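Below: one structure, written as structure tokens.
The values are calculated or read from the model by the stated rules, or taken from the named source; none is laboratory data. All values derive from a computational prediction rather than experimental measurement. Using ideal geometry, Cβ is built from the backbone for each residue, glycine included, and neighbour counts are taken over all protein chains shown. With ligands, DNA and RNA removed, areas are computed over all heavy atoms of the protein, side chains included. Shrake-Rupley method; radii C 1.70, N 1.55, O 1.52, S 1.80 Å.
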Amino acid sequence: MAPFPSHPIPLLFLLLSFLPLLSLSAVDQPYKTYIVRIDSQSKPSIFPTHYHWYTTEFTDAPQILHTYDTVFHGFSATLTPDHAATLSQHPSVLAVFEDKRQQLHTTRSPQFLGLRNQRGLWSDSDYGSDVIIGVLDTGIWPERRSFSDVNLGAIPARWKGICEVGERFSARNCNKKLIGARFFIKGHEAASGSMGPITPINETVEFKSPRDADGHGTHTASTAAGRHVFGASMEGYAAGIAKGVAPKARLAVYKVCWKNAGCFDSDILAAFDAAVKDGVDVISISIGGGDGISAPYYLDPIAIGAYGAASRGVFVSSSAGNDGPNLMSVTNLAPWIVTVGAGTIDRNFPAEVVLGNGKRLSGVSLYAGLPLSGKMYPLVYPGKSGVLSSSLCMENSLDPNMVKGKIVVCDRGSSARVAKGLVVKKAGGVGMILANGMSNGEGLVGDAHLIPTCALGSDEGDTVKAYVSATSNPVATIAFKGTVIGIKPAPVVASFSGRGPNGLTPEILKPDLIAPGVNILAAWTDAVGPTGLDSDTRKTEFNILSGTSMACPHVSGAAALLKSAHPDWSPAAIRSAMMTTANTFNNLNQPMTDEATGNVSSSYDLGAGHLNLDRAMDPGLVYDITNNDYVNFLCGIGYGPRVIQVITRSPVSCLEKKPLPENLNYPSIAALLPSSAKGATSKAFIRTVTNVGQPDAVYRFTIQAPKGVTVTVKPPKLVFTEAVKKQSFIVTITANTRNLMLDDSGAVFGSISWSDGKHVVRSPILVTQIDPL
């Protein structure tokens, strides 16, 4: 990564400071929302508060949307580009960046984490009842049984949050389970006012309050911390007891995302600020950028807000994004954030397409309406015409004369899967076969379709299309098989799950780990039906969704349980416990595979592995990280002191000798070897582990060396006593880059494990080549 200049000129996103300031008069200029980072220590003493200073020296009070004083110092305001450029020259201003929009990363899973009812964390103890999880999402539907406070003790005395009232949301909607609720809309309103291309909030379908009109926030909150609910199902699918990972943890919701409108950085930052001030212990944020492009950490409000939280001891769990299986598609890359990918669970919702030639093709569906009862219907593939919109069953692309009374084959992509079914229904079709293309491979997710539908992987999809084109009167039917448990293999890495390498700082492996994220049953809003389509009038207490959005709250709930059991552990120690104990084998006791390819998955797919909570409770050793370590990391990647202060709030200084970013005490090791080197190249990594198990312990290492790589470790054993809690070791990785045979992802993978006979503390190792800039 190119070093960023450390001179004192503040950063201005889009380099507005270099625009000629005469190009537009202020009258002609559109207003935009900017986030302004202030050096809070330079406030003149004449002003009683920062707000007085901001409204006197920087802008008028009506322009200010949010002021930030906890995870970040500064304000967001609607300004002209000229005004923003002028502000960026002010000596007290560290950075000015434009507000941007982020997107949501859209009952058996707790058991599948290794949690069983009678033992470990799942006992009837009060585990988690002293821990508060803050969920930044689309709000909550508070009446759901998942948020009941029956038999919960008093709210933790340290809680400082509020229950903000608004449309269809009163103080009575909070209780001893849902202890706080707020909403943040000013950034969105500014973007959708006279100033922007964003559509204003549609108040006929959205609530100006913490109430959830979308469903996503209710689903993630109940996944993390929903109470036990008997008789749960989604229209009969996944019937049983629903429960979150930490059923007794308290919830505080921060609504930052609005129906069909995304989530604005200025509002997200305000929610981080409020959540940390309110006293949450864990923040769960299933939000991020798409398309695999990540802003540098000093321009990324999720990274900035998360640093402010983590530096105060708050664990931040985020989703890895749903742009897999493409390489470098993982988002939320900062090393102080826990980045969670998605895996399948051992439950599925099979459906079957039966063709007129007798072939049976396996797929999935959550269709719960009247079945086709074995009746054969004519089959049509509109994509035969070569018109892309027809093959994708886009709005108004289907000819009713062609599809009426038929089952229609639609290609996946470009529009919502459930929306395609609506298009088919409107054109008179009786059913739909949803066919994956190459990019989705064999990765399938269930949907609560409005018409009889079966989703098929790309191979089976090709079989259907070949049958249609080779047969004069093709016919088919669809059979629905309900809920099946005990599926093997599982977990499998979901094809959509965001993949490494880390596109900003490849020295840090991302994602960190995976958790259940496919076909997850959790609570749902009453504002929309299970498809989320406006025309879907069904009401359901629970819904089944897939996405890294669903995986992230599993880790948030797990963090709450670990924090409850180990109150003195830092966020980095909790992450380390999860990563070093994660599973890399599936329920067939074979290495986990990738849904997209069927091949064995690598650390770019699953990070350290799949969350295993029972083992994370007692990890033996942890890799801890201090705030100072993160500052050294930021110095190491070439950020100067002023740039770093945008993230850290307090002024920092970098050492004369630049620290190596790969020496951040992370529970994984990524060796970037120069591809231009002649002969063998070596790189040494220093790591320090803290003993959190029995005081007298001796750990010895085992190495699984990446193919073609030599790994040496010094010392050969780590001895811990009452007095000696920490030990350091050096891992040296040597390879000849000329003959290194890298796999399709451009890397080779292995691991180092330390064991005392009871615990196994495993860290992934990856080796790749990089061209030095």
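I want the antiparallel fraction of DSSP beta bridges within the chain, as a percent rounded to 5.
Close to 65 percent.
Send over a whole-number figure in Å² for the accessible area per residue of the chain, probe 1.4 Å. Each step should come with its number before you reach the end.
Numbers: 28820 Å² over 773 residues.
Per residue, the chain has an accessible area of 37 Å².
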Heavy-atom accessible surface of region 665-768: percent carbon and sulfur, 1.4 Å: 56 percent
Percent RCO, i.e. relative contact order, over region 32-98, from Cα pairs under 8 Å lying at least 6 residues apart: 51 percent
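In nm, what is the difference between 0.36 nm times the number of residues separating ASP614 and LYS277 and their Cα-Cα distance?
This chain segment gains 118.2 nm when fully extended.
Taking only the alpha-carbon atoms of the chain, what semi-axes of the equivalent ellipsoid follow from 5 times the gyration tensor eigenvalues under a square root, in whole Å, largest first?
So the equivalent ellipsoid measures 40, 34, 28 Å along its semi-axes.
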Cβ crowding within 10 Å averaged over residues, with 487-494, 314-321, 204-211 ranked highest first: 314-321, 487-494, 204-211
Portion, in percent, of the accessible area of region 334-435 that falls on carbon or sulfur, probe 1.4 Å: 53 percent
In region 714-746, the trypsin sites (Lys or Arg not before Pro) that fall in loop regions by DSSP, at most 13 other Cβ within 10 Å: LYS725, ARG738
Contact order relative to length of region 680-773, as percent, for alpha carbon pairs under 8 angstrom and 6 or more apart: 34 percent
Protection proxy ranking of 338-350, 629-641 - average other beta-carbon atoms within 10 Å, highest first: 338-350, 629-641
Label point distance in nm, GLU722-LYS539, each placed 7 Å from Cα along Cα→Cβ: 6.4 nm
Cysteines in the chain lacking a second Cys C-beta under 4.7 Å: CYS454, CYS552
Residues whose placed amide H lies under 5 Å from that of ILE770, excluding near-sequence neighbours: LEU673, SER675
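Starting from the Cα coordinates of region 350-482, work out the convex hull volume and express it per residue in Å³.
On the way: hull volume 12.4 nm³, N = 133.
Residue-normalised Cα hull volume stands at 93 Å³.
On the protein heavy atoms, probe 1.4 angstrom, tell me the percent of accessible surface of region 496-603 carried by carbon and sulfur. Walk me through the numbers on the way to the answer.
Working: 1320 of 2650 Å².
Summing carbon and sulfur atoms, their accessible area is 50 percent of the total for region 496-603.
Over region 199-296, calculate the relative contact order: mean separation of alpha carbon pairs under 8 Å at least 6 apart, over the residue count, as a percent.
Values: 86 pairs, mean separation 21.6, N = 98.
Relative contact order here is 22 percent.
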Compactness of region 32-98 - radius of gyration and Dmax, Cα, Å: 10.7, 30
Beta bridge orientation in region 665-768: antiparallel %, DSSP, nearest 5: 90 percent
Simple label model, 7 Å out from Cα along Cβ direction - HIS228 to TRP159, nm: 2.2 nm
Dipole magnitude of the chain about its Cα centre (Cβ charges: Lys, Arg +1; Asp, Glu -1), debye to nearest 20: 1400 debye
Span from the region 287-361 Cα centroid across to the region 363-404 one, whole angstrom: 30 Å
Shape of region 130-282, Cα gyration tensor, a/c cut at 1.5: oblate
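Which value, in debye to the nearest 20, describes the size of the charge dipole of region 665-768 about its Cα centre when Lys and Arg Cβ atoms bear +1, Asp and Glu Cβ atoms bear -1, and nothing else is charged?
Working: 12 positive and 5 negative charges, 47 e Å.
Using Cβ point charges on Lys, Arg, Asp and Glu, region 665-768 gives about 220 debye.
Report the antiparallel proportion of the DSSP beta bridges in region 350-482 as a percent, rounded to a multiple of 5. Walk me through the numbers before you get to the answer.
Working: 14 of 25 bridges.
DSSP beta bridges in region 350-482 are roughly 55 percent antiparallel.
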Extreme residue, positive dipole direction of the chain, given options PHE496, PRO350, GLY607 (C-beta unit charges): PRO350
Note, ³J(HN,Hα) from phi for region 518-534, Karplus 6.51, -1.76, 1.60, rounded to Hz, x at Gly and Pro: 10, 6, 9, 8, 7, 5, 9, 6, 8, 6, 9, x, x, 7, x, 6, 4
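With charges set only on the Cβ (+1 for Lys and Arg, -1 for Asp and Glu), what does the dipole of region 215-280 come to about its Cα centre, in debye to the nearest 20? The partial results should precede the final answer.
Working: 7 positive and 5 negative charges, 64 e Å.
It comes to approximately 300 debye.
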Once the Cα gyration tensor of region 631-729 is diagonalised, semi-axes √(5λ) in Å: 29, 24, 10
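Rounded to whole Å and sorted largest first, what semi-axes of the equivalent ellipsoid does the C-alpha gyration tensor of region 266-350 yield via the square root of 5 times each eigenvalue? Show your work: numbers first, answer last.
Values: eigenvalues 124, 57, 21 Å².
The equivalent ellipsoid of region 266-350 has semi-axes of 25, 17, 10 Å.
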Neighbourhood charge, 15 Å Cβ-Cβ cut-off, centred on THR471 and excluding it, Lys, Arg +1 and Asp, Glu -1: +3
